[in-house]
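Taking it in order: structure first as structure tokens, then the write-up.
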Amino acid sequence: LSAEEKDKLVAEVMRYVLFSQHKDGAPVQRSKISELITTLSPTLKRVNLAGYVIAQAQVKFVKVFGMEMKELSRMAHKKTGKDRTNAPTDPGKEYILKSTLPAAARKRWVDRAEDNAAKA
């Protein structure tokens, strides 16, 4: 995997996460990111390529946008009885974008009154 291919995959993952978060604000599932990576580079069947690309995207988000791509920790609900066999044990990893700006700086320089009025 060349440096150019790595950069392209990281950029595409960042673009996907940015647009997904902007569109509906819902967390982005790791499975969707893995599908994107597989679609973009079907010839690469490396183990944990998605993990590497996601880690690089997390580093780049902080450097470029001042945002963290945080992994959400979801608790799996324990199923009992007949539901136990059908329930997945791993709820799946999800990612969100979170600003690294202090709250006061964000309020002063980023948040706009028009945006808050539109949400209400």
task: Would you check if R74 is exposed (fewer than 14 other Cβ atoms within 10 Å of the Cβ), under 15 Å from the mean Cα position of the chain (by Cα), at pLDDT below 90 and part of a loop (DSSP other than H, G, I, E, B)?
output: yes
message: When you check Y95 against the structure, is it part of a helix (DSSP H, G or I), at pLDDT 90 or above and not basic (K, R), yes or no?
response: no
Hits in the stretch 98-116 (condition: closer than 23 Å to F19 by Cβ and either modelled with pLDDT of 80 or more or open to solvent by less than 60 Å² (accessible area, probe 1.4 Å) (or both)): K98, S99, T100, L101
statement: Within the stretch 1-40, residues being buried (at least 18 other Cβ atoms within 10 Å of the Cβ) and not in a helix (DSSP H, G or I) number 2
message: Just checking, does the stretch 25-38 include any residue being modelled with pLDDT under 90 and within 27 Å of A105 (Cα to Cα)?
response: yes
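The values are calculated or read from the model by the stated rules, or taken from the named source; none is laboratory data. Keep in mind that this is a model prediction, so the values were computed, not measured. Methodologically, a virtual Cβ is constructed for each residue, glycine included, from the backbone with ideal geometry; neighbour enumeration extends over all protein chains shown. Quick note on the areas: whole protein, heavy atoms, side chains included, nothing else; ligands and nucleic acids left out. Shrake-Rupley method; radii C 1.70, N 1.55, O 1.52, S 1.80 Å.
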